[in-house]
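See structure below.
Throughout, read-outs are computed from the coordinates displayed, never taken from laboratory work. Keep in mind that this is a model prediction, so the values were computed, not measured. We place every Cβ from the backbone using ideal geometry, glycine too, and count neighbours over all the protein chains shown.
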Amino acid sequence: MEAAAVNTNRKTSKPQFESNFDFQDISPSARLLFEIITRPSSHDIESALSSTRIPPTHDIVHEVLKLCYENATFAIAFFCWVGRTHKLTSYAWNLMVDLLGKNWMYEPMWDAVRTMKQEDMLLMATFVYVFGSYCMAGKFNEAIMSFYVMEKYGVQQDVVVVNSLLTAIYQEENQTTKAMEFFDKIKLKIPPNADTYAILLEG
């Protein structure tokens, strides 16, 4: 797996997080598809989804994925079902990267990143999701290594990305030293801007 550096300051339990969407606000079509993929008796999820004859429009796909942050396995099944017949958006891919990372499924997360590169859909935002997932899990070294492999994936390192990583590190408690170590190493290669110093001061 990429970014597999050893980190001695790890969290041993997954963070608890709410779905990224309010269930009451979703469309009836997305609600039905979500209920199907999370139904305990659904042994053949793809057949059950296809039987609804609901077209997986971009909006519906995004809605369902946003509901799946506590159901990563079901999200993968739904994502694969959609991908067999429809082109997935870069936003849908980014949601999957975020969802997988936040569920500590790092190998599949990097598989998704590699596929996005092959499909020419990889964005800076993708790595911002990767940073956030690693930092939430206390894997700060992995987050920093993810920054260093960005150019291998064809995504430019710039001050916006630096600021995003610093923000992700500072969002976790007692990580000022880790953030400053990264900043000291990168500041000559990528000069900081006003936002960088604001992040450092707030941290």
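Using only alpha carbon positions, build the gyration tensor of segment 133-203, then give the equivalent ellipsoid semi-axes as the square roots of 5 times its eigenvalues, largest first, whole angstrom.
Working: eigenvalues 61, 50, 18 Å².
In descending order the semi-axes read 17, 16, 10 Å.
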### Query
For the chain, what number of Lys pairs, 8 or more residues apart or on separate chains, have alpha-carbon atoms under 15 Å from each other?
10
### Volume per residue that the Cα convex hull of the chain spans, once the total is divided by residue count, Å³
134
### Vicinal HN-Hα couplings computed from phi for segment 190-201 (Karplus, 6.51 cos²θ - 1.76 cosθ + 1.60; Hz; Gly/Pro x)
10, x, x, 10, 4, 5, 4, 5, 5, 5, 5, 5
### Summary
Expected vector for segment 129-141, Karplus 3J(HN,Hα) from phi with 6.51, -1.76, 1.60 and θ = phi - 60°, integer Hz, x for Gly and Pro, equals 5, 4, 4, x, 5, 5, 5, 4, 8, x, 9, 6, 5
## Note on the structure
Given Cβ charges of +1 for Lys and Arg and -1 for Asp and Glu, the option among GLN118, PHE34, MET180 whose Cα lies farthest towards the positive end of the dipole of the chain is GLN118
### Message
Based only on other Cβ atoms within 10 Å, what is the fewest-to-most ordering of ASP59, ASP44?
### Response
ASP44, ASP59
### DSSP-loop trypsin sites (Lys or Arg not before Pro) across segment 78-116, with at most 10 other Cβ within 10 angstrom
LYS87
### Query
So if R0 is 30 Å, what FRET efficiency would LYS189 and ARG114 give, r being the distance between their Cβ atoms, rounded to the nearest 0.05?
0.75
#### Entry: Length-normalised contact order for the chain - Cα pairs under 8 Å, 6+ apart - percent
22
### Label zone at ASP158, where the point sits 7 Å out along the Cα-to-Cβ direction: segment 189-203 residues whose backbone N lies under 15 Å
190-196
